[in-house]
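Structure first, then comments.
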Ligand SMILES: [Fe+2]
C-alpha cells in the first residue's frame, strides 16, 4: 500500500517516482520492487537542512548550504503543506543555486524536502510564520 507523496527509487535504472494517488499494488521498475526512500531529518548544521527567510508577508525563500557541483548536488526541492494539499517543486542542476522562492498560502504550515544525488531524501519540519 502506497501513501501520498512517498518517493520510490529504482536501484537499477535510478528512476524516481512520487505517489500522487494511493494504491495497493507493488511499485515495480526493471522487474524489481522499487525502494521506498526514507526521509532523513538533518539538524541545522547539516547541509541538507532547509533554511527559511521571509522576503515579505507571504513570500519565503528556502535555501541550503549544500554543494552544487557535478559530483554532489541537490536534484530537487519540495515545499509541501502539512495537509498535503499543496506542493511546490523545483528541479536543480549542478552549479545552480540551491534555493526555492515561493508564496506561502498554507497557513497550517509546511515542510521541506530535498533530494541529494548522494544522500537521498531529507526533510525539514518548519512552522508557518
Ligand atoms: Fe548531500
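Each reported figure results from applying straightforward, stated rules to the coordinates on display, with no laboratory input. Since we're looking at a predicted model, the values are computed, not measured. Reconstructed Cβ throughout: ideal geometry from the backbone, glycine too, with neighbour counts over all protein chains shown.
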Per-residue Cβ neighbour rank within 10 angstrom, fewest leading, 30, 10: 30, 10
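Can you tell me what percent of all Cα-Cα pairs in the chain are more than 24 Å apart? Working shown, then result.
On the way: 2515 of 8256 pairs.
Percentage above 24 Å: 30.
Can you give the relative contact order of the range 51-125 as a percent, counting alpha carbon pairs under 8 Å and 6+ residues apart? Can you show the working numbers first?
Numbers: 149 pairs, mean separation 24.2, N = 75.
After rounding, I find 32 percent.
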Computed Rg/Rh for the range 51-125 (Cα atoms; Rh = Kirkwood radius) stands at 0.97
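Full extension from residue 89 to residue 61: what is 0.36 nm times the residue separation minus their Cα-Cα distance, to one decimal in nm? If you can, show how the numbers build up before the last one.
On the way: separation 28, 0.36 × 28 = 10.08 nm, distance 1.31 nm.
That pair, residue 89 and residue 61, stretches by 8.8 nm at full extension.
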Percentage relative contact order, the chain, counting C-alpha pairs under 8 Å, at least six apart: 21
Label-point separation in nm, residue 71 to residue 17, each point 7 Å along Cα→Cβ: 3.4
In percent, how large is the relative contact order of the range 3-48, given Cα pairs closer than 8 Å and 6 or more residues apart? 38
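Which order results if 124, 59, 20 are arranged by neighbouring Cβ count within 10 Å, fewest first? Display every interim value, and only then the final one.
On the way: 124 22, 59 12, 20 9.
Fewest-to-most ranking of 124, 59, 20: 20, 59, 124.
Give me 63, 115 sorted ascending by neighbouring Cβ count inside 10 Å, so fewest comes first. Working shown, then result.
Numbers: 63 15, 115 21.
Sorted ascending by nearby Cβ count, the order is 63, 115.
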What whole number of Å gives the distance from the Cα centroid of the range 10-33 to the Cα centroid of the range 74-124? 21
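Kirkwood-based Rg over Rh for the range 1-68 (C-alpha set), two decimals? Don't skip to the end; give the middle numbers.
Values: Rg = 16.3 Å, Rh = 14.7 Å.
My calculation puts Rg/Rh at 1.12.
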